[in-house]
Structures are given as structure tokens and as C-alpha cells.
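The values are calculated or read from the model by the stated rules, or taken from the named source; none is laboratory data. In this text the structure is predicted, and so the values were computed from the model without any measurement. Note that we place each Cβ from the backbone using ideal geometry, even for glycine, and neighbour counts take in every protein chain shown. Side chains included, ligands, DNA and RNA excluded: accessible areas come from the protein's heavy atoms. Shrake-Rupley method; radii C 1.70, N 1.55, O 1.52, S 1.80 Å.
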Amino acid sequence: GLELPHCVGTNSLGPAGPWRSGGPCKMKRVRTVFKPEQLERLEQEFLKQQYMVGTERVDLAATLHLTETQVKVWFQNRRIKWRKQSMEQKAAKLSQFGVIQPASADSTDSKEHEEDTVDVEL
């Protein structure tokens, strides 16, 4: 059979940064854990505007003691969640009136918003 490299196990005493080396394997991003206060502020900002760019993003990141990339990715992920919730609400309203949604509705949307699924700045 085919032998695949085992890249999952990482040393817990790895570098202090958000990246850990898995040896010869690709580097794995360590998940950011946001504090409740940070999440509350991010949600407040998202309610005002779904897109945060430029100096606004830099200022918010500095205020929350996060990197600009962490704020950018949080907004990207939050927009995906927001679109999914909007689609679910729309489907619920349609089903209330007896209109049936096609089962493949979710899959047609995925390619259109591919840039929002990026987790790392290139």
C-alpha cells in the first residue's frame, strides 16, 4: 500500500509563534483562541460593517492586541457564517410556504466565495 507521512504530531515545546514545524512536513497553523472581550468587540464591529479594511483593521487589531491577519481572517470566517445563516433563514421561510429548496443549494455557493476560506495571508 501507499505510505503517507505522519505530519500530525507536533512537539509541545515548539516555537512561541503561531506556526509550529512538523519536521519535513508542511507547517501547521495553531488555532487562535479569542478572549470573550475580543469576540464581543469583533461582533460589534461586524454588525456595523461586514468588511473591515485598511487603517480600521489595523486600529482594531492594535486595540484588541491581535495581529491584522487574525482580524482579517476572523472577518472572513464571520462572513461565511453570516451567509450560511442567511441561507438557512431563507430556506426556513420558503419551507414555511411549502416551497422546497433543492438539496444542492449549499454546494453551488462554495466556489463563488472561495477567497473567504483562506486562513493565511500569502
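A Cβ distance below 8 Å, combined with a sequence gap of six or more or placement on separate chains, defines the contacts here; from segment 26-37, residues that are under 13 Å from Thr67 (Cα atoms) reach no residue that is of a type in the set (Ser, Thr, Tyr) and not in a loop (DSSP other than H, G, I, E, B).
Among the residues of segment 42-62, the ones that are open to solvent by less than 80 Å² (accessible area, probe 1.4 Å), assigned to a helix (DSSP H, G or I) and not hydrophobic (A, V, I, L, M, F, W, C) come to 4 in all. Counting the residues of segment 30-75 that are of a type in the set (S, T, N, Q) and under 16 Å from the mean Cα position of the chain (by Cα) gives 6.
Tallying residues that are of a type in the set (A, V, I, L, M, F, W, C) and modelled with pLDDT under 95 within segment 27-72 yields 5. For Leu4, indicate whether it is at pLDDT below 95 and either β-branched (Val, Ile, Thr) or open to solvent by 100 Å² or more (accessible area, probe 1.4 Å) (or both). For Leu4, the condition - at pLDDT below 95 and either β-branched (Val, Ile, Thr) or open to solvent by 100 Å² or more (accessible area, probe 1.4 Å) (or both) - is met.
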